[in-house]
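One structure is given here, and the rest of the page talks about it.
The values are calculated or read from the model by the stated rules, or taken from the named source; none is laboratory data. A quick note: this is a predicted structure, and the numbers were derived from the prediction, not measured. Backbone-built Cβ (ideal geometry, glycine too); neighbour counts: all protein chains shown. Heavy atoms of the whole protein, side chains included, go into the accessibility calculation; ligands, DNA and RNA do not. Shrake-Rupley method; radii C 1.70, N 1.55, O 1.52, S 1.80 Å.
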Amino acid sequence: MNTKRNIINVGLVGLGTVGTGVARILKSKAASLTNRTGFEFRLKTVCVKHSGKKRALELGKTKITTDPRVILNDPEIDQVVELIGGTTDAYKILHAALSKGKDVISANKALFAERGEELFRLAGRVSRHIGLEASVGGGIPIVKALSEGLAANRVSAIIGILNGTCNYILTEMTEKNRTYAEVLKEAQAKGYAESNPSLDVNGTDTAHKLAILARLAFQRKIDFKKIRKEGLVGISPEDIFHAKEMGYTVKLLAIAKTEGDALDLRVHPALLERGHLLANVNGVFNAALVRGDEAGDILFYGRGAGERPTASAVVSDMIDLARLRRVGVQPHHRDFKPAILHPASQTYSRFYLRFRVEDKSGTLGRLTVMLGKHGVSISSVHQVAAPHASSVPVIMLTHRANEKKLFEAIRAIDRLPIVRQKTVVLRVEGE
Ligand code: NDP
Ligand code: HSE
């Protein structure tokens with residue numbers, strides 16, 4: 001940093017959806033950023049993959065390169081902003097930048113969830129800072145809130161909607177009866193989805209974000225691979241319709257709860273009662289309900305993906321890190337103990353079940369007997385009339401049941417000759 005004039009030289013790696021947003025803010029809001037913070041952020045160099053690509057933004061004096069070493073080896077660059085995604089090249093870039101004494105900022109949740117510990121340890125060793133606000137919840141400042149604003153709290157639960165793409169898909173399917181494939185395409189065009197959108201829809205992106213939040217909230221090392229996750233695969237318009245008829249809405253939830261000394265961490269679609277705080281979080285919006293022992297329940301809400309909200313979070317980290325560098329604050333790194341994960345066999349929930357069965361006498365009885373045998377008690381049953389079809393849907397809601405026993409019952413039911421399709425099982429959360 002040029003201390004006399006408080007100039008921060010920035011090297012930006014990645015000029016896609018988020019990188020373009022960051023460059024645009026630095027250019028269009030240069031004066032107001034300096035007025036508010038006292039720093040002048042200069043975008044010195046931008047690194048991209050394809051040199052010939054047409055860019056949405058005129059970069060003026062900023063140098064463009066395809067070689068990240070131009071940024072990493074530049075002693076004038078104070079901050080490296082990584083916005084390329086992935087866990088290999090991005091890791092190398094952040095590792096090299098920290099090793100060379102630069103502060104780093106990234107929106108890369110996959111990297112922090114899967115290889116974060118190595119980078120946090122390195123940052124501690126070399127006394128440099130890592131900004132990761134943009135990695136969770138787009139424009140919502142939840143990382144800062146958990147690290148600082150709620151530091152006086154013992155957090156006991158986080159329940160969130162953390163993937164904008166999935167929430168956009170579910171909302172459009174629910175409200176406008178649009179197809180999954182059509183809406184996913186639109187989410188990609190709007191810049192919400194990951195470059196590999198299966199990470200969004202199979203729950204991986206939500207699990208990445210949950211791992212980051214759980215580490216901050218519970219001060220434990222989280223083994224991302226052990227988070228139980230299910231994505232949107234298997235959610236059909238039929239289930240969204242039945243859920244709606246019964247007063248519920250379907251959301252992809254990220255759940256982290258303390259269970260004694262253990263943590264219950266899971267990502268899965270769930271039915272939420274229409275009156276639940278998270279049930280009306282729609283479109284690209286994200287939200288997280290955090291329960292602290294001092295502050296009580298706090299709800300964070302905002303746009304969870306897209307160029308502008310995410311760039312807003314990146315720039316907030318740039319300002320934060322510039323301030324920390326100016327006053328010489330050392331990063332506070334602790335090697336957390338690994339989290340003990342609460343097993344599925346001890347998890348209880350209410351369930352939505354959709355069977356597709358033969359429409360003949362005794363069918364309902366056989367289903368309920370099998371559920372009863374496994375200790376699963378039913379709270380409501382609805383058979384959809386289909387006079388000329390050979391099979392009919394039967395929808396059930398259960399009382400709280402042991403998850404392991406419930407799935408054992410469903411496996412046994414799906415082997416019965418009266419069952420025509422694999423049964424759909426969704427959890428009901430929130431009561
Ligand atoms: P994009 O795919 O839109 O952009 C990626 C950019 O990185 C492109 O400019 C590409 O170059 C460049 N790039 C890729 N590989 C390399 C490389 N090896 N060296 C140099 N440049 C490279 O991604 P997004 O902007 O959507 O996402 C960036 C990061 O932000 C990801 O980690 C993502 O998970 C995260 N994120 C994204 C959000 C969103 O809403 N999109 C929200 C929150 C986080 P080129 O342009 O030449 O192809
Ligand atoms: N693909 C992610 C989402 C981007 O849709 O939420 C924001 O992290």
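Here are some residues: 341, 353. Which one is out of contact with any Cys (no Cβ under 7 Å at 6 or more places or on another chain) and within 20 Å of residue 264 (Cβ to Cβ)? Every option except 341 fails the conditions. The condition of being under 32 Å from the mean Cα position of the chain (by Cα), farther than 30 Å from residue 260 by Cα, surrounded by 13 or more Cβ atoms within 10 Å (Cβ to Cβ) and among the hydroxyl-bearing types (Ser, Thr, Tyr) does not hold for residue 349. Going by the conditions given, is residue 78 on the phi < 0 side of the Ramachandran plot, surrounded by 22 or more Cβ atoms within 10 Å (Cβ to Cβ) and over 26 Å from the mean Cα position of the chain (by Cα)? Yes, satisfied.
If you filter the range 194-238 down to residues that are β-branched (Val, Ile, Thr) and within 15 Å of ligand 1 (Cβ to nearest atom), you find that the one that is farthest from residue 292 (Cα to Cα) is 201. Scanning the range 31-64 for residues that are in contact with a strand residue (DSSP E or B) (Cβ under 8 Å, 6 or more places away or on another chain) and hydrophobic (A, V, I, L, M, F, W, C) yields 33, 39, 41, 43, 46, 47, 48, 59, 64. None of 116, 138 is near ligand 2 (Cβ under 10 Å from one of its atoms) and under 18 Å from the mean Cα position of the chain (by Cα) except 138.
For the range 3-54, the set of residues classified as open to solvent by 40 Å² or more (accessible area, probe 1.4 Å), farther than 18 Å from residue 139 by Cβ and near ligand 1 (Cβ under 8 Å from one of its atoms) consists of 49, 50, 51, 53, listed by residue number.
For the range 140-159, taking the residues that are more than 16 Å from ligand 1 (Cβ to nearest atom) and buried (at least 16 other Cβ atoms within 10 Å of the Cβ), the one that is farthest from residue 283 (Cα to Cα) is identified as 153. Looking at this structure, is residue 336 within 16 Å of ligand 1 (Cβ to nearest atom), more than 30 Å from residue 382 (Cα to Cα) and either touching an Asp or Glu at 6+ places or on another chain (Cβ under 6 Å) or aromatic (Phe, Trp, Tyr) (or both)? Here the answer is no, as residue 336 does not meet what is asked.
Restricting attention to the range 226-244, the residues being touching a residue at least 24 places away in the same chain (Cβ under 8 Å) and open to solvent by 50 Å² or more (accessible area, probe 1.4 Å) number 9. Is the range 317-325 home to any residue that is open to solvent by less than 30 Å² (accessible area, probe 1.4 Å), within 16 Å of ligand 1 (Cβ to nearest atom) and on the phi < 0 side of the Ramachandran plot? Yes: the range 317-325 contains one or more residues that are open to solvent by less than 30 Å² (accessible area, probe 1.4 Å), within 16 Å of ligand 1 (Cβ to nearest atom) and on the phi < 0 side of the Ramachandran plot.
Within the range 295-327, the only residue that satisfies the criterion of being away from ligand 2 (no atom under 16 Å from the Cβ) and assigned to a loop (DSSP other than H, G, I, E, B) is 295. Where strands (runs of 3 or more DSSP E) sit wholly within the range 225-294, those with at least 1 residues that are farther than 24 Å from residue 380 by Cα and either aromatic (Phe, Trp, Tyr) or at pLDDT below 95 (or both) occupy 285-292.
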